[in-house]
Structure formats: structure tokens, C-alpha cells
1. Looking for whichever is over 15 Å from SER346 (Cα atoms) and surrounded by 19 or more Cβ atoms within 10 Å (Cβ to Cβ) here; the options are GLY313, GLY280. Which one fits?
2. Somewhere in the stretch 206-218, is a residue at pLDDT below 75, in a loop (DSSP other than H, G, I, E, B) and either open to solvent by 40 Å² or more (accessible area, probe 1.4 Å) or in contact with a Lys or Arg (Cβ under 6 Å, 6 or more places away or on another chain) (or both)?
3. Residues to consider are LEU426, LEU449; find the one that is closer than 30 Å to LEU566 by Cβ and at pLDDT below 95.
4. Here are some residues: HIS287, HIS259. Which one is in contact (Cβ under 8 Å) with a residue 12 or more places away in the chain, in contact with a Ser or Thr (Cβ under 7 Å, 6 or more places away or on another chain) and closer than 19 Å to ASP323 by Cα?
5. Being part of a strand (DSSP E or B) and open to solvent by 50 Å² or more (accessible area, probe 1.4 Å) is the filter here, so list the residues in the stretch 114-142 that pass it.
6. Within the stretch 455-465, can one find any residue that is in a strand (DSSP E or B), within 27 Å of the chain's Cα centre (by Cα), of a type in the set (Gly, Ala, Ser) and buried (at least 22 other Cβ atoms within 10 Å of the Cβ)?
7. Residues of the stretch 487-512 being part of a loop (DSSP other than H, G, I, E, B) and within 20 Å of MET523 (Cβ to Cβ), which ones?
8. Give just the number: which of (1) of a type outside the set (Lys, Arg); (2) over 21 Å from SER391 (Cβ atoms); (3) outside any loop (DSSP other than H, G, I, E, B) does ASN285 not satisfy?
Amino acid sequence: MSSSSSSSSSSSPSEDEPRLDQLPSALLDSIMSKLDVVSICHVSITCKAFRSCASQILSFIPNFHLLDIAISVDLLRSLLLPNPYLRSLKINCGRLDDFSIDLLLRPSLHELYLHNCDDFSGKLISEIGGRCRELRSLYLGSVAGKRGRAIHVSDLEELLNGCSQLETLSLMFDVSIFLRHNFARAWAMASRDLTTLEIGYVPSVMVTELLSPGVASYQSSSQMQPSVLPNIQKLCLSVDYMTDTLVGAISKCLTSLTHLDLRDAPLIEPTSSIDLTNLGMQQINPHGKLKHLSLIRSQEYLLTYFRRVNDLGVMLMVDKCLDMESISLGGFCRVTDAGFRAILHSCSKLCKLKVCHGTHLTDLVFHDISATSLSLTNVSLRWCGLITDLSIAHLSCNANLSVLDLRYCRNIGDESLKSISALQKLQILLLDGSNISDTGLGYLGDGVLRSLVSLSIRGCIRLTDECISTLFDGCSGRALQNLDLSNLQNLSDNGILCLAKTGVPIVELRMRECPRIGDTAVMALASMQVDDGGWRGNRLRLLDLYECGVTALAFRWLKKPYFPRLQRLGITGSVNRDIVDALARNRPYLHVSGRGEELGTGYWDGFDGSERHENDEVDELEQWLLEGGSESDEEMLEVDNPEQEMALE
């Protein structure tokens with residue numbers, strides 16, 4: 001009897017043993033208030049005491065950020081409680097609409113970031129002006145993107161009139177729906193504290209009329225203001241055509257400008273009257289305060305360039321931009337080595353250089369860069385087809401390089417990788433479409449792989465399965481989080497099996513258009529375990545398998561508990577629709593794409609390569625919200641018949 005009691009007591013925890021949930025509630029509140037929203041939800045599932053504390057914390061936390069997942073209004077209501085102390089709200093509104101306005105808009109807010117607002121109307125914009133009068137920073141993405149949703153200029157007027165303390169405003173949608181004279185009139189109400197303005201799309205003529213004195217022609221003389229947006233320091237615009245008139249108006253009227261980012265995407269070839277020329281380049285930075293300049297002509301709709309700007313235009317610009325720290329030029333097809341060398345040898349404070357579609361840029365630009373005082377940290381030479389390994393050898397003298405983008409530089413080969421291996425601070429390396437081989441990738445493991453966070457080798461036709469073993473041979477690559485292996489025709493399941501065995505903590509893995517990747521690869525990735533600061537498991541948040549050789553059998557490994565952190569999945573459109581629907585019910589917060597769109601492309605397109613990942617433990621959040629109400633595994637198995645194939649609608 002006594003032995004039984006002794007055995008029982010030894011196998012059970014002592015009642016006197018201290019436990020975290022026995023701490024004073026005030027102390028628990030203090031500890032949990034230091035956590036972000038997802039971490040609070042993660043802690044709350046451990047016991048009733050922590051769950052009660054979490055509910056309390058969500059009633060007074062100052063910052064509520066949920067950007068990586070889109071949740072319904074009902075689930076948001078259970079999290080976003082009445083909170084007079086809330087100052088910053090960042091939400092992915094992909095599943096919300098106008099009925100969520102009362103829940104989202106709080107008078108205490110200083111920062112509001114609403115992403116994917118396609119299902120909202122202009123009412124959201126006007127209501128922000130009426131309810132959030134203390135706002136300092138506002139971001140609105142894709143408002144009224146769906147058909148039937150409307151925005152009126154009165155909505156913009158109410159926003160600008162009501163939010164009189166705005167300092168940063170990002171309207172990431174098409175504002176061309178506003179009448180030109182009404183658009184200019186609305187901005188007369190904007191806060192004089194506004195220093196940063198970003199607009200998703202606006203015709204250049206609307207910007208010109210807004211900034212030029214001609215705007216006042218639509219108003220009486222008593223309504224005229226001496227200056228519109230007088231204190232703007234950072235301006236980011238996407239326009240239809242970049243013109244001399246536009247650049248001149250911006251340069252003349254915005255006297256405090258330090259950051260100018262202009263991008264256009266012409267639908268037709270620009271004529272001389274609606275294009276940027278040497279004259280426009282000469283007008284840049286008349287006040288001498290500009291530090292960051294980006295002029296990009298996108299090839300989204302038409303293969304077109306800045307054909308009226310040559311070396312002279314760049315040299316005239318450089319004369320007024322000697323203190324520039326960042327320069328991005330895209331589509332300047334007539335600028336040669338002389339123009340680009342003028343930038344490198346004149347702008348002594350330059351840290352970031354981006355040249356896209358530099359059709360006349362050659363190795364001569366960099367051959368004596370070591371003779372300059374430059375310490376470049378970010379270099380992008382995308383689609384500069386004439387540069388070779390020699391340029392990279394010269395660039396490697398910049399030991400502080402952290403970002404190197406050489407996408408579609410076809411003459412870059414293994415010798416470049418030898419030079420790159422010496423860059424101990426490199427974090428992002430993009431080599432899409434280059435002429436590197438399996439052997440060349442082995443050079444990275446000797447040094448740079450220890451610091452590398454992101455690596456893209458998409459479309460490098462010489463690479464095979466051996467590239468994986470060569471890359472990680474003798475080096476764990478513990479820093480690597482983002483790996484793009486897309487469009488490698490010779491990459492098979494064997495290569496992915498090798499990757500899974502390395503234990504590299506990959507967060508985003510892209511393998512689209514690899515026809516030899518199949519179900520075995522998915523199984524291997526599902527079983528991959530990574531040691532991460534005492535936690536062991538699978539870290540993948542993004543997996544792109546579009547146009548790979550996976551079948552319906554692979555879906556068994558995509559359900560819980562496999563890939564516990566997975567948030568985005570790319571698949572081929574020709575799969576069993578019933579299985580996809582069952583997976584959606586099993587994992588309601590998993591975004592499944594079957595139409596071929598790129599997942600997370602903003603990561604690669606960002607100049608500094610940064611991307612926000614604030615919600616790392618999404619699976620625990622799902623558990624807290626759904627309380628175990630996920631779809632059963634049996635339902636997945638019932639529809640898991642590889643012979644049932646149908647196209648995704």
C-alpha cells in the first residue's frame with residue numbers, strides 16, 4: 001500500500017511545486033503586455049489562467065498587428081476588444097468589408113494600416129476622417145478594388161479635413177477616378193504636417209495641376225493657398241507617363257523633398273511631349289536636399305524605355321545630386337558607361353545603386369571603383385546583359401555589401417561566385433537566369449552562406465540536384481530563410497531530399513515550374529525538422545509548387561499536423577477541387593493559389609530586400625480562435641483519390 005502511494009506520488013508533480021499560472025495577475029499582465037498579438041494568443045492556449053489574462057491584455061495593448069493572415073469579422077471581433085489605449089492597428093482586410101468599419105476605427109488611433117481593402121467602398125475613407133482625428137500615419141491598400149465599390153472625391157475631402165495631424169499618408173489604389181479639379185481642391189485641406197505621401201496610381205497631369213499654380217484656376221482668389229503640400233519630404237508615385245513637366249513641378253514646388261520615387265508603365269510608346277528628356281533630368285533637386293532618387297520605367301504593359309535621356313541628361317542631374325545616398329534608374333537605354341560612371345565618381349555618399357535594363361552598361365563602369373571612396377551596401381544590376389564576372393570582381397571590394405541583385409545577367413558565371421564568397425556581410429543574393437553551375441555554388445559555402453538570408457537561383461539552366469549538396473556541403477547555412485529553386489528543369493525529388501536532411505531553417509521555398517519535383521519531395525519537406533532556439537519543428541511559411549509534378553497524393557502531407565506554420569501554398573490548377581476545398585476547411589488561414597500568380601513577390605522587388613513577418617506562430621493562433629474545430633483527417637482521406645482531377649475554378 002505504502003509502495004503504491006510512493007509510486008503514485010513520485011509519478012505526479014508535487015502540489016507545492018510553483019507554477020507560472022500561480023503568479024500574481026498583475027505580474028502576468030506586465031509580462032504578457034510585452035508580447036505581440038500572436039504570441040499572446042499562443043500563450044493563452046496553455047491554461048485557463050493565461051487565457052483569462054490574454055483577454056485582459058487585449059483590452060489595453062497599444063499595438064494590434066495582424067497582417068500575415070486575413071480573418072473574418074466575427075473572429076476579429078473576438079480579438080479586437082474595446083480598448084481606449086490602442087494606438088497602432090495593422091490588419092489584413094482581405095475578408096472584411098464596410099460592415100467592419102465600426103470595429104476597426106477607433107478615436108485613440110495614431111497609426112492605421114489596412115491592407116487588401118478591395119471589398120470596402122469610399123465610406124471607409126470618409127469614416128476615417130470622421131472617427132480617427134488623432135491619426136499620424138495612414139495606409140490604405142486596394143480600396144474599392146472590387147466591381148461595384150465606389151469612391152467619391154467627397155470621401156477624400158472628409159479624410160483630409162478630419163485627419164488634420166496626418167504626417168504619413170499612403171493611398172495605394174487608383175485615384176484617377178476623381179475629377180482633376182476636384183482632386184486638386186481636396187488636397188488644399190491636407191495637413192500641413194504631412195511629410196510623406198504615397199499614391200498607388202495617379203495620372204501625371206493630375207499631379208502637375210495639383211502642384212502648379214494653375215490648380216487655383218478652379219477656385220476663387222479667396223480660396224487660393226500659397227503652397228500645396230509645403231512640407232512633403234518623401235513622395236512616391238506611380239503614374240501613367242513620367243514627363244519633364246511632372247518632374248519640374250515636383251522639383252520646383254516641393255522645396256523640402258529628400259526622397260523622390262517615380263514609376264511609370266506606359267500603355268503606348270510616349271511621344272516627346274509626354275516623356276522624360278534631358279531637360280527634365282536637369283530640373284531634379286534644385287534645392288539640394290534630395291538624398292534618395294528612383295526613376296523607373298516599368299515594362300509591365302509595353303517594352304519601352306526612356307529614349308530621350310542620354311549621358312548628358314544624367315551628368316546634368318549628377319551636378320545637383322552630389323550628396324545623393326540612393327539612386328535607382330530603370331529603363332534608361334541610351335545611357336552608357338560615361339553616364340553611370342559620373343554617378344559613381346561624383347556621388348561620394350552613395351550607398352545604394354540600382355540599374356534595371358541598363359542595355360549599355362558594361363564592365364568599364366566598375367573597373368576603377370576601388371579608387372573611389374564609395375562604400376556600397378545595396379547593388380542591383382537587373383537585366384544588365386553586358387556585365388560579366390569582371391564587374392563582380394571589382395564590386396567585391398565593397399566589403400559592406402548586404403544586397404546584390406544580378407537577375408538576368410546572362411554572362412555572370414562561376415568566377416563571380418568566387419568573388420561573392422568574400423562578402424561576409426551579404427544577406428540577399430539574386431542570381432536568376434545566370435550562367436552558374438553546381439560547382440560554382442560550392443564557393444558560397446566557404447563564407448557568404450553563413451550570413452546569407454535569401455538566395456534565388458531561379459532559371460539557372462546548368463543547375464542539377466548536385467547544386468543542393470554542393471551548396472550546403474560543410475556549412476549548415478543556418479541564416480538562410482528564403483530559397484528560390486524555381487524553373488530548374490534538372491532538379492528532382494533527390495535534390496529536395498538532400499535539402500530536407502540539411503536542417504536549414506527555410507521559411508520560404510519556391511519550386512515552381514520544376515517538372516521533376518513530385519510527391520516524394522512534399523513528403524520529405526513535411527518531415528523536415530529544424531532546431532530553432534530550443535524549438536524543433538518545420539518552419540516553412542511559404543511553399544510554391546505551381547507546375548510541379550505533384551499529384552493529389554501530396555495533399556495528405558499538406559494537412560495538419562504537417563507544415564504547422566504554412567501560410568501560403570502555390571499549386572497547379574489541375575488538381576482535385578474537392579481536396580483543395582477540404583484542405584481549406586482543415587486550414588482556414590492557409591492561402592492556396594492555383595492560378596500561377598507569384599507568392600510574396602514584394603520580397604524580391606523591394607530595393608532593400610526587407611519584408612515584414614510579424615506573425616510567426618500562426619498555427620497556435622488558429623487553435624486559439626477555432627478551439628479545435630478543424631476539418632477531420634477522415635474527410636481529407638475520403639476525397640484523396642488521385643484519379644479524380646478537375647480544374648480549379
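1. Details: GLY313 fails: over 15 Å from SER346 (Cα atoms).
Going through GLY313, GLY280 in turn, just one is over 15 Å from SER346 (Cα atoms) and surrounded by 19 or more Cβ atoms within 10 Å (Cβ to Cβ): GLY280.
2. The initial filter retains those residues of the stretch 206-218 that are at pLDDT below 75, namely 213-218.
If we keep only those that are in a loop (DSSP other than H, G, I, E, B) too, we end up with none.
The answer is no, given that none of the residues of the stretch 206-218 is at pLDDT below 75, in a loop (DSSP other than H, G, I, E, B) and either open to solvent by 40 Å² or more (accessible area, probe 1.4 Å) or in contact with a Lys or Arg (Cβ under 6 Å, 6 or more places away or on another chain) (or both).
3. On the way: LEU426 fails: at pLDDT below 95.
Step by step, each of LEU426, LEU449 is checked, and only LEU449 is closer than 30 Å to LEU566 by Cβ and at pLDDT below 95.
4. Details: HIS259 fails: in contact with a Ser or Thr (Cβ under 7 Å, 6 or more places away or on another chain).
So the residue among HIS287, HIS259 that is in contact (Cβ under 8 Å) with a residue 12 or more places away in the chain, in contact with a Ser or Thr (Cβ under 7 Å, 6 or more places away or on another chain) and closer than 19 Å to ASP323 by Cα is HIS287.
5. HIS115
6. First, pick out the residues of the stretch 455-465 that are in a strand (DSSP E or B): 455-456, 464.
Restricting the remaining residues to those that are within 27 Å of the chain's Cα centre (by Cα) gives 455-456.
Cutting the leftovers down to of a type in the set (Gly, Ala, Ser) gives us 456.
Cutting the leftovers down to buried (at least 22 other Cβ atoms within 10 Å of the Cβ) gives us 456.
Yes, that holds for at least one residue.
7. Going residue by residue through the stretch 487-512, those that are part of a loop (DSSP other than H, G, I, E, B) are 487-489, 491-492, 503-507, 511-512.
Selection gives LEU488, LEU491, SER492, GLY503, VAL504, PRO505, ILE506, VAL507, MET511, ARG512.
8. (3)
The values are calculated or read from the model by the stated rules, or taken from the named source; none is laboratory data. Because the structure is predicted, anything quoted here is derived from the model rather than measured. Here the Cβ is made from the backbone with ideal geometry for all residues, glycine too, and neighbour counts use every protein chain on show. Quick note on the areas: whole protein, heavy atoms, side chains included, nothing else; ligands and nucleic acids left out. Shrake-Rupley method; radii C 1.70, N 1.55, O 1.52, S 1.80 Å.
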